[in-house]
Every structure is written in C-alpha cells, then in structure tokens.
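Everything below concerns the one structure shown next.
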Amino acid sequence: MPRPPRQSRPQGQITRGKTARNRLRRVDNFLCLYDPGLIRRTDAPGEVSYYVDLGYGEEPFTTLESAERLRRLNPALPVLGVEIDPQRVERALPFEDDRTHFRLGGFNLPLQPRESARLIRAFNVLRQYDEFEVQDALLTLGAGLMPGGLIIEGTADPFGRIWVANLLRKRADGDLWVEGLLFSTNFRWGFEPAIFQPRLPKNFIHRMLPGETIDAFMNAWKQAALATISVRTLGLRQWFCASALALRDLGWPVETRRRPLQQGYLLWKRSGRVSDGALFRDLPA
C-alpha cells in the first residue's frame, strides 16, 4: 500500500497515549445519533473524506473500534488514525486495510490532495496545552475539514463514563463555528452536574469563575437539578432529563429531545465563530 507524500512537520505534542478499550464508544454512539447523514455521505469520484481519530495513543484500539461502529451506518467509510509519535504509527500499520489508514501527523492533518475530513475526533489531546493555544490548534485542525464537517473535541475520564466536548462545524464559507458543548454520562458514577466539572475541555476548565459563561451555565444546571431532585426516586436518567427541561425553563438553550437525554447526552447549544473567541464566551449568532 503506498505511503502518503512527505508532510510538513506535525504540529502538536505527544500525549500520554493511555487509552482503555471502548473508552470512546459513547462518542461514536453520539455521532451516529447527532449527524448520521455526515457519516453516510458518499464521496465524489476521486475524493476521500475521512473520519479522523486524532491522537489515538499507544495502540490503535480507538481508531479500529470507531471504524467498526461507524461502518454500521456506512460500510465504505474511510477512517484515518493520526498520531504524532512515529513509533505509534509504525505499530498501527499492520492493522491497515483499504478503508483504514494510519499516518504520522498533528493538528495539521496529513491529508493528500483531494482528501479531507468529514469528522474529526480529538479526545484528551488539548488538555495538556495552555489555554491560549487551544483556538489556534482547533483552527489548524479545522483547515482539513470539508464544508459541513464536524469536530468533536473534549476530555473523558479513563473509562469514558463521563466526558465533555466542544462541537465545531465548518460552514460553507470556510469559517469554523462553535455548535455546542456536549455533556455525556452513562450514569455508572451517579449524576449531578458537578461530576462534569473536572472533565470540562481546556477552553473552560479554568473558567469556573464568577462572570464567566461556563460558571453561569453550571450554576444554573445545579439549580435545575436541585429543583427536580424529587425525580431521582424514579432513576438517574429521569432526573437527568428533568434537570435538562428545568434548565431550558431557566432560559438556557439546551437540546431537550427525549432520545439523547435518555442516553445521557445534554447539548448546550452555542453559536459563534471560533476565530472571534466563541470557544470561551457566547457571541451573537
């Protein structure tokens, strides 16, 4: 199988690379629920749009698991695992096939001519960076997205039970926009809004301070959860759903469709151009 042409030096830092099997299963499940059309789309002749797993770690488990899950929707889906550590890439190469590839790269994705990314997953990658580096890293990553493509970037606990992620969409004019902040739990560690705070992505983890958007949101969710705590007797899922509805009634733009909530996904719908600072604060649409 031919190797891709020599790329410019990968941008980024080597991660710890410790990823448990199935840690990111719920991320893939959410993507299938949230935008199945993007997964199912057919590439034009001669073009390839990948699902990209950025920073898959010491072993290529997360990339291979994603390929298996997402190909239930699209058996022909091209999948690309990207790592900045050459040894990790070498270890992954024996797992390649005609639809699954592994390449050395960083935020500047190692894409060939007529290749792009339709979906990019980057988990536990930016947590080790300084906050001021986050915006540029995601804009660089977004340069490889096709119009309409999606980035999901966030932080998960070691087992993938609790995580929080930014959703970013590339618009037709080429600008990268914030689409929401997503909270996910499988309820194995209970539920209350405070359990998500240690897993906030890098753009918010240090901003739990009075006057900050994320602080106001989390405090409102805690208020909503307290107001609906009687529902807890019916189960944690029911309490989670009830807290989301109460949060909406407090004026916060959250997704309240029953199916995502029942599965433990709460989407705070946000909007703004990344280059204008929308990762850190709310901006007019």
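Since every read-out is calculated from the coordinates, none of them should be taken as a lab result. As the structure is a computational prediction, the values presented were derived from the model and not from experiment. Glycine also receives a Cβ, built like all others from the backbone with ideal geometry; neighbour counts cover every protein chain displayed.
Of everything in segment 62-103 that is of a type in the set (Lys, Arg) and either in contact with a helix residue (DSSP H, G or I) (Cβ under 7 Å, 6 or more places away or on another chain) or not in a helix (DSSP H, G or I) (or both), the residue that is farthest from LEU33 (Cα to Cα) is ARG103.
You will find that of LEU200, LEU247, LEU226, the residue that is under 20 Å from PRO158 (Cα atoms) and of a type in the set (A, V, I, L, M) is LEU200 and no other. Considering every residue within segment 247-259, establish whether at least one is closer than 30 Å to PRO147 by Cβ, part of a loop (DSSP other than H, G, I, E, B) and in contact with a helix residue (DSSP H, G or I) (Cβ under 7 Å, 6 or more places away or on another chain). Yes.
If I filter segment 147-183 down to residues being outside any strand (DSSP E or B) and touching a Pro at 6+ places or on another chain (Cβ under 9 Å), which single residue comes out as farthest from ALA44 (Cα to Cα)? Looking at the filtered set, the residue picked out is ASP157.
Yes/no per residue for (1) farther than 17 Å from ILE214 by Cβ; (2) crowded, with 23+ Cβ neighbours inside 10 Å; (3) free of Cβ contacts under 8 Å to residues at least 40 places away in the same chain:
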{"position": "PHE123", "(1), (2), (3)": "yes, yes, no"}
{"position": "ARG127", "(1), (2), (3)": "no, no, no"}
{"position": "ASP130", "(1), (2), (3)": "yes, no, yes"}
{"position": "THR140", "(1), (2), (3)": "yes, no, no"}
{"position": "LEU145", "(1), (2), (3)": "yes, yes, yes"}
{"position": "GLU153", "(1), (2), (3)": "no, yes, no"}
{"position": "GLY160", "(1), (2), (3)": "yes, no, no"}
{"position": "GLY174", "(1), (2), (3)": "yes, no, yes"}
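Listed by first and then second residue, the pairs with beta-carbon distance under 8 Å, at least 6 apart or on different chains, first residue in segment 234-247 and under 13 Å from GLN263 (Cα atoms), second in a helix (DSSP H, G or I) and among the basic types (Lys, Arg), are GLN238/ARG232; TRP239/ARG232; CYS241/ARG258. Scan segment 193-209 for residues that are part of a loop (DSSP other than H, G, I, E, B) and either at positive phi or in contact (Cβ under 8 Å) with a residue 60 or more places away in the chain (or both) and jot them down. The answer is PRO201, HIS206, ARG207. Evaluate the following for GLY106: is it on the phi > 0 side of the Ramachandran plot, assigned to a loop (DSSP other than H, G, I, E, B) and either crowded, with 16+ Cβ neighbours inside 10 Å or free of Cβ contacts under 8 Å to residues at least 24 places away in the same chain (or both)? In short, no. When the test is whether a residue is of a type in the set (Val, Ile, Thr) and exposed (fewer than 13 other Cβ atoms within 10 Å of the Cβ), THR213 does not pass it.
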